[in-house]
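Following: one structure in structure tokens, then a few remarks.
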Amino acid sequence: MATILRVTNLTKQYNSFTAVNRISFEIKEGEIVSLLGPNGAGKTTTIQMLLSLVSPTSGDIEVFGKNLREHREELLSMMNFSAPYSLLPYNLTPREGLTVFSLLYGVRNYRERVKSLLDEFNLGELVNRKIGQLSSGEQMRLGIAKAFVNNPKLLLLDEPTASLDPPTARQLRARILKRIQESRGAVLWTSHNMREVETVSDRIIFLSRGRVVADDTPQNLKKQYGQEDLEEIFIIIANEPIRESL
Amino acid sequence: MNRLHILGIFYRNIVLIRRSVPKLFGLFGFVTVALFLWGFLTLWVQTLAPDDTATDFILLILSAFIFWSLFDLSQRSFGISFLEEVWSRNIINLFASPVKLSEMVLGFILVGVVQALLAFFYVTTLAFLLYALNIWNLGLYIIPFFINILVFGWALGVVTIGLVVRFGPSADILAFFIPFLVLPFSAVYYPVSVFPPVLQKLTFVLPTRHMFEGMRTAITEGVMPLDNVFWATVLNLVFVVLAFLFLYWMLRLARIKGYLSRLVHD
């Protein structure tokens, strides 16, 4: 399987504070990897560096073997993301919002793409309402639809189901998984819902105080920590001191 | 340069302007009210002048007002196009997209051109109907002033974006304030000769000074003041280059310090 994302010794320092400390990991074609960690662990900073919103202090990010710093526009056109802190413009309708992002991602057949996304994500009945008038769950669904406008090969999903009721969250997870299987893309997923993480992840990377403290499959992590529940592992990892070996 | 990226920025702004009453008021409302104000004031000033005066105050003052409004609108529309993304918490989506900074700026320029043309035709028609002012009598002389005014407005708009990126959404007041900072020193409603000698030298670097001084010469003497056009154009080019360097510097700093994410959290 080809490597889609390779992160090597990635570090971000803000003056004397180290938000991300020499982390390295890879994501291969077709893989869904969850990035977990307590608040302040460095997840958001890592995602923001992957989106080139924040410049790393040192280290490298490669997508499809190309350096993100040197090929920013080309690589970002193959990526997309969804995050609860980055909503679509509240004063547009869902159709307009998706049209804008289809254009911004250079989608030539943008009218057809918007129509199919509206159908696929059950947004058809909302097309004439302003985004600001939608419920947070509907906005989240729209945000995920936006993340698929360019059929990305690398998808970064930050808490993608945080505002959704369980049936909608399940439906949306299934849709995301199906699309990733079809496109042979890859996903970096963050969530505080451990059941969700266990359901979707091929691998889990735990971050704590800016460092990678564990990187393995959910099954292996359970064996390694002698726990049946990912949430228990999360609590153990969040509380344990940093091991220099990782 | 990807045309779809530029079209995306343009489409996003035009959709908003088209259906937003407050935005349409910002485009046509302020200028209408201000035209009444300056028009009545000018009519009164005209009555104070001796009967044999040859000065056409309506032409002089209202032409200056119209071109100043154009500059103000050009700078404001540029700054507000960017601020709209900050206010609607869309700025992260925009910077995480493959749109280049130059494409974003070109999209804003296109939006600015459409707004400027609409507002200019509207206000010149209104001035003709209310005060019989026919600014089109200036003929081709209008073109260099029109272009230079728009371009300087955009340069200051680029600086506004840089300041918002650096200081966060609270710097949005600058989008409205910057033109007023330039106004007293641009010799819009009075000649440069009224400035103290030091200020006459200092204001030389402002393209607007040369534009408005030149426009007055064109109105009163009926000739194209080539030296004013030359200096306005050269200084404009310098300002545009400096404005872009400033914006690139601010964006680089924002990526290092993490200011971009602060734009949606502040």
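The values are calculated or read from the model by the stated rules, or taken from the named source; none is laboratory data. The model shown is predicted, which means the values in this text are computed figures rather than measured ones. Note: ideal-geometry Cβ built from the backbone for every residue, glycine included; neighbour counts use all protein chains shown.
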- [ ] Name the single residue, out of those in the stretch A:121-135 being in a helix (DSSP H, G or I) and closer than 15 Å to A:ASN91 by Cα, that is farthest from the other protein chains (Cβ to nearest Cβ).
- [x] A:LEU126
Task: Selection from the stretch B:71-91 of residues that are acidic (Asp, Glu) and either more than 13 Å from every other protein chain (Cβ to nearest Cβ) or within 19 Å of B:VAL240 (Cβ to Cβ) (or both) - done: B:ASP72
Open item on the list: Considering only the stretch B:211-228, I want to know if a residue exists there that is under 16 Å from the mean Cα position of the chain (by Cα) and surrounded by fewer than 20 Cβ atoms within 10 Å (Cβ to Cβ).
Closed with: no
Open item on the list: Here's a check for you: in the stretch A:151-182, which residue that is farther than 23 Å from A:TYR105 by Cα and of a type in the set (A, V, I, L, M, F, W, C) is nearest to the chain's Cα centre (by Cα)?
Closed with: A:ALA162
TODO: Scan the stretch A:224-243 and give yes if some residue there is of a type in the set (Lys, Arg), exposed (fewer than 14 other Cβ atoms within 10 Å of the Cβ) and within 22 Å of A:THR8 (Cα to Cα), otherwise no.
DONE: yes
Open item on the list: When you check A:ARG184 against the structure, is it surrounded by fewer than 17 Cβ atoms within 10 Å (Cβ to Cβ) and within 14 Å of chain B (Cβ to nearest Cβ), yes or no?
Closed with: no
Open item on the list: Which count do you get for residues in the stretch A:33-91 that are of a type in the set (D, E, K, R) and either outside any strand (DSSP E or B) or within 10 Å of chain B (Cβ to nearest Cβ) (or both)?
Closed with: 6
Task: The lone exception for A:GLY106 - which of (1) at the interface with chain B (Cβ under 10 Å from one of its Cβ atoms); (2) without any contact (Cβ under 8 Å) to a residue 24 or more places away in the chain; (3) not aliphatic (A, V, I, L, M) it fails - done: (2)
Task: Meets criteria (within 11 Å of another protein chain (Cβ to nearest Cβ), at pLDDT below 90 and part of a helix (DSSP H, G or I)) for B:LEU16 - done: yes
Open item on the list: Looking at the structure I just gave you, is B:THR32 away from every other protein chain (no Cβ under 14 Å), without any contact (Cβ under 8 Å) to a residue 12 or more places away in the chain and not hydrophobic (A, V, I, L, M, F, W, C)?
Closed with: no
Open item on the list: So, B:ALA232, is that one under 30 Å from B:TRP136 (Cβ atoms) and small (Gly, Ala, Ser) or not?
Closed with: yes
Task: The lone exception for B:PHE71 - which of (1) of a type outside the set (Ser, Thr, Tyr); (2) within 13 Å of the chain's Cα centre (by Cα); (3) within 21 Å of B:ARG18 (Cβ to Cβ) it fails - done: (3)
